[in-house]
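Notes follow once the structure below has been shown.
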Amino acid sequence: MNNHYSFIGGSEGAWQVVSCETVIGAPLETVQRVNVVNMPSINLAERGTWVLQGFTSNVRYAERHEINQLRAKQEDLNRPASSCAALIPIKKSAEWWAMSQDERREIFEAQSHHTEIGLAYLPEIARQLHHSRDLGEPFDFLTWFEFAPEHTDLFNKLLVQLRSSKEWEYIEREIDIRLVKNV
């Protein structure tokens, strides 16, 4: 299975943009819809206003017991009740990337409790992390979340917790794009 995804912002796609908030850094151009396609943009006929690319990979910064917990609680994307989504592209600072893997793990987990926070919101909030930095993209990560409308407040609470953590001191660009599924 192809693990490369393209998020195409434009006037077409299954997901209607409800809001696009620049949390920090430069904004993205406003679009009406986002199409999520399981292929690299080089193979796309549709280009849209912007295309963000990423690939899924193994879980990083997590220890075996954390991976086991995530797999036990995490549900798949595309659940029928999950008609709400959020695409949150993030770019971390050069200071973050200058650290060693164990230094980043210390901040990510020991200080920020990233995985522990995320686990508290499963299975209501499904998520998939896409790595973009190695593709030369403008963001390091594209995080895709899906949830039912009644879990919107829960999702907002998750974001407040993550954004107040030590890890978020290293974020230099973040966009919060909220979407609803085109029915």
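The values are calculated or read from the model by the stated rules, or taken from the named source; none is laboratory data. Since we're looking at a predicted model, the values are computed, not measured. Here the Cβ positions follow ideal geometry from the backbone for every residue, glycine too, while neighbour counts run over all protein chains shown. When the accessible area is computed, the model is the full protein with side chains, heavy atoms only, and any ligands, DNA or RNA have been set aside. Shrake-Rupley method; radii C 1.70, N 1.55, O 1.52, S 1.80 Å.
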(request) Go through the residues of region 117-133 one by one and say whether even a single one is among the small types (Gly, Ala, Ser), free of Cβ contacts under 8 Å to residues at least 24 places away in the same chain and open to solvent by less than 50 Å² (accessible area, probe 1.4 Å). (result) no
(message) Taking the condition of being part of a helix (DSSP H, G or I) and open to solvent by less than 20 Å² (accessible area, probe 1.4 Å), how many residues in region 134-177 meet it?
(response) 5
(message) When you check residue 40 against the structure, is it over 23 Å from residue 82 (Cβ atoms), surrounded by fewer than 17 Cβ atoms within 10 Å (Cβ to Cβ) and modelled with pLDDT of 95 or more, yes or no?
(response) no
(message) Quick check on my filter: what residues within region 119-133 are among the aliphatic types (A, V, I, L, M) and assigned to a strand (DSSP E or B)?
(response) 126, 129
(request) Quick one: in region 98-109, of everything that is assigned to a helix (DSSP H, G or I) and open to solvent by less than 60 Å² (accessible area, probe 1.4 Å), which residue is modelled with the lowest pLDDT? (result) 109
(request) Please give the number of the condition residue 180 fails out of (1) open to solvent by less than 40 Å² (accessible area, probe 1.4 Å); (2) part of a strand (DSSP E or B); (3) more than 18 Å from residue 52 (Cα to Cα). (result) (1)
(request) Inspect region 121-140 for any residue being closer than 14 Å to residue 23 by Cβ and at pLDDT 95 or above and give the result as yes or no. (result) yes
(request) Return only the number of the condition from (1) more than 17 Å from the chain's Cα centre (by Cα); (2) surrounded by fewer than 19 Cβ atoms within 10 Å (Cβ to Cβ) that residue 13 does not satisfy. (result) (2)
(message) Between a residue in region 6-28 that is under 20 Å from residue 138 (Cα atoms) and touching a residue at least 24 places away in the same chain (Cβ under 8 Å) and any residue that is among the acidic types (Asp, Glu) and open to solvent by 50 Å² or more (accessible area, probe 1.4 Å), which pairs come within a Cβ distance under 6 Å, given they are 6 or more apart or on different chains?
(response) 8/46; 25/172
(request) Go through region 49-97 and give me each residue that's closer than 23 Å to residue 15 by Cα, β-branched (Val, Ile, Thr) and either surrounded by fewer than 12 Cβ atoms within 10 Å (Cβ to Cβ) or at pLDDT below 90 (or both). (result) 56
(request) Within region 4-52, work out how many residues are closer than 27 Å to residue 169 by Cα and assigned to a loop (DSSP other than H, G, I, E, B). (result) 6
